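A.B. asks: Sharing a structure with you now.
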Amino acid sequence: MLIFNKQFRTEEKTISALIKKIDKSGTIVRSYVGNTEKYEFDTFDVSFVMNPGDKRIVVVDKIGNEILSMDCNYDPYDEMQEARSIWFSQTLENARRRYGKEQATKALKNAAKFAAKAFGLKSKKKSQQDAAMNALNRVRNL
């Protein structure tokens, strides 16, 4: 039973904490270097190395200190390696989803700015001034 293995539980907690940090990070930047997909967050960077025969998660703080390097190659005869392979996929999927959300948010903001310019919508302050002037003109015309 793998769940009774102390190393398994510790690594599972580490991956869970990493996923939470990814979700709570304010910024995210993605880059590719060869077969490595790298995500830069507020306080740490995560690299997903996907070379043939070398599948790893590498976490580095902003100073450059390596915090975690986990071998995630799939091995059907080793339960720990199976679990690490699954964690690799889950963490990568989570980082990609988080990056996608960030990009969608930026796209919506840019679209709103474009729409405001394209349709000649006035700024909030200008709209409030126009509303006050309209009210003044209506009162005068009573």
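A.B. asks: Across the range 1-93, what fraction of all alpha-carbon pairs, as a whole percent, falls in each successive 5 Å bin from zero upward?
C.D. replies: For the range 1-93, the pair-distance distribution reads 3, 13, 23, 26, 18, 10, 5, 1.
A.B. asks: Ordered by packing density, taken as the mean number of other Cβ atoms within 10 Å over each peptide's residues, highest first, how do 131-141, 83-93, 63-73, 101-111 rank? Mind dumping the intermediate values first?
C.D. replies: On the way: 131-141: 9.0, 83-93: 17.5, 63-73: 12.5, 101-111: 11.0.
Put in order of decreasing packing, that is 83-93, 63-73, 101-111, 131-141.
A.B. asks: Of the cross-linked pairs 21/62; 20/106; 24/101; 21/101, which ones have a Cα-Cα span greater than 20 Å in the structure shown?
C.D. replies: 20/106
A.B. asks: If you line up the long axis of helix 79-118 against the longest principal axis of the chain, both from Cα atoms, how many degrees apart are they, to the nearest 10?
C.D. replies: 10 degrees
A.B. asks: Quick one: dipole size for the chain, taken about the Cα centre, charges +1 on Lys/Arg Cβ and -1 on Asp/Glu Cβ, in debye to the nearest 20.
C.D. replies: Working: 26 positive and 18 negative charges, 364 e Å.
With only Lys, Arg, Asp and Glu charged at Cβ, the dipole is about 1740 debye.
A.B. asks: Could you pull out every residue, at least 5 positions away or on a different chain, whose amide H is within less than 5 Å of the one on residue 67? Hs are placed 1.01 Å off N in the peptide plane, and Pro or chain starts have none.
C.D. replies: Amide H to amide H, under 5 Å and 5 or more residues apart or across chains, residue 67 pairs with 59, 60, 61.
A.B. asks: While we're looking at this one, here's another question. Can you compute the modelled spin-label distance between residue 66 and residue 33, with each label point 7 Å from Cα toward Cβ, in nm?
C.D. replies: Here the modelled spin labels are 1.3 nm apart.
A.B. asks: Nearest 10 degrees is fine. How inclined is helix 124-140 to the longest principal axis of the chain, computing both from alpha carbons?
C.D. replies: Its long axis makes an angle of about 20 degrees.
A.B. asks: Work out the charge dipole of the chain with +1 on the Cβ of Lys and Arg and -1 on the Cβ of Asp and Glu about the Cα centre, then indicate which of 108, 59, 135 is farthest towards its positive end.
C.D. replies: Going by the charge dipole, the pick is 135.
A.B. asks: I would also like to ask the following. What do you get for the angle between helix 6-24 and the principal long axis of the chain? Use alpha-carbon atoms, 0 to 90 degrees, nearest ten.
C.D. replies: Once rounded, one gets 20 degrees.
A.B. asks: Something else: At most 11 other Cβ atoms within 10 Å and a DSSP loop assignment: could you name the GluC sites (Glu not before Pro) in the range 1-59 that fit?
C.D. replies: Values: sites: 11, 12, 37, 40; in loops: none.
Here no GluC sites (Glu not before Pro) fit, given the DSSP loop and packing criteria.
A.B. asks: Can you tally the net charge around residue 14? Count Lys and Arg as +1, Asp and Glu as -1, for every other residue whose Cβ sits under 12 Å from the Cβ of residue 14.
C.D. replies: Charge balance near residue 14 sits at +3.
A.B. asks: Estimate the FRET efficiency between residue 101 and residue 54 by the formula 1/(1 + (r/R0)^6), using the beta-carbon distance for r and 30 Å for R0, to the nearest 0.05. All intermediate terms of the calculation are to be shown ahead of the outcome.
C.D. replies: Numbers: r = 29 Å, r/R0 = 0.98.
That gives a FRET efficiency of 0.55.
The numbers here are math on the coordinates, done by the rules we state, and not lab data. Note that the structure is predicted; figures quoted are calculated from it, not measured. No Cβ is skipped: glycine too gets one built from the backbone with ideal geometry, and neighbour counts run over all protein chains shown.
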